[in-house]
Every structure is written in structure tokens, then in C-alpha cells.
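Read the figures in this text as sums done on the coordinates, not as results from a lab. All figures in this text were calculated on a predicted structure; none of them were measured in a lab. A quick note on method: Cβ atoms are made from the backbone with ideal geometry, for glycine too, and the neighbour counts reach across all protein chains shown.
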Amino acid sequence: MKKSILVLSAIAGIVYLTSCGGNEQPVNEISQSQLDSIKKATEDSIMAAEARAKDSLLNKMAEDSIAAANAAAAAAANAKPTSGSSKPATKPGTTKPTSPAKPTEPAKPATRTQAQIEADKKAARFGDKAAKDRLDQDAANKKDARFGNKDAQERVQQTTEDKKADRFNR
């Protein structure tokens, strides 16, 4: 019995040593062609990312310039045409003093939809100053609403209703 256990343990030891020891190549060795292909793939992905960033900046600049041109065209269309005559000349001593300009009441801002707010959030992340200003105004309206301003409460209520409607329509 002792001999059979001894023989069995010897066979198990031989099997163990042969299964663990025959491979002399390191597993982590990478050939030069594999390194070259990895380097090329990395460079290609970096170049593609830079091209996408450049394209998106160019597209944003083009959108901004189109919007500015449209705004300028709208302003020019709304401007009063000038008649060919100029103001009559006044004598130096006969000018009337002008009364100080009366401050005008700020216009009530229009309610904004949730889609507009989400678009402004996205634009503000990419540096759009006007969108950031609109988001700041929304935050100020919410603060005013919490502290009793009736107009602000109405605007916040309308915004909340728009959010609910937008969620329902999805």
C-alpha cells in the first residue's frame, strides 16, 4: 500500500512538473510589427479626434456668423429709411435743453420651453455667453419666485408646466 501511494505521488509530481515547465517564451512579448500597428492606430485616432474638433469649431463659427448676418439683416430691415434731407441747422444760442430720459420698465421676459432650456444648457457648456446669461436669468427667476415675486412665480410655474408637457410628449 505504501508503495502504491509512493508511486502515485511520484507520477503526480512528474505530471505537475511537465505541465508547468515546458514553455520558455515570455507571454507578454510583443513583436515590432504589433508595436508599429498600435502606434499607427493611436496616431490615427488622435488625428481623427482633432479633425472632428476642428470641424465642430468651424461649424459653430459658421452658425454664429450666419446668425449674426441674419440679425444684421433684420436690424437693417427694421431701421427707418432716411429721407435725403438732413436736420435744419440751429443757431448756437437757440438750442433747447433736453429733458433727462425716463427709465423704461424692463420688458417681461417670455416664457421658455424645456427644449430651449436644454439647448441653452448644452450651448453654455461650449462657451455660448448668451445661453449662459439666459440660464442665469432663469436661476434668478426661480430665486425671485421662492421669495414672493408674483411675475417670477408665474414664469417658474409656466416653465414647470412646460417640463411636464415635454416629458409627457416624449
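Sort 59-71, 144-156 by packing, meaning the average of other beta carbons within 10 Å per residue, with the highest value first. Show your work: numbers first, answer last.
Values: 59-71: 10.5, 144-156: 14.3.
Packing proxy ranking, top to bottom: 144-156, 59-71.
Could you tell me the calculated FRET efficiency between residue 114 and residue 58, based on Cβ-Cβ distance and R0 = 35 angstrom, to the nearest 0.05?
0.75
Using only the Cα atoms of the range 116-170, what are the Rg and Dmax in Å?
Looking at the range 116-170, its Cα Rg and Dmax stand at 12.4, 34 Å.
Within the set 60/132; 142/164; 121/143; 122/163, which residue pairs have Cα atoms separated by over 20 Å?
Values: 60/132 16 Å; 142/164 17 Å; 121/143 18 Å; 122/163 17 Å.
Beyond 20 Å: nothing from the list.
Starting from the 7 Å offset along Cα-to-Cβ, what nm value, one decimal, do you get for the label separation of residue 11 and residue 48?
5.7
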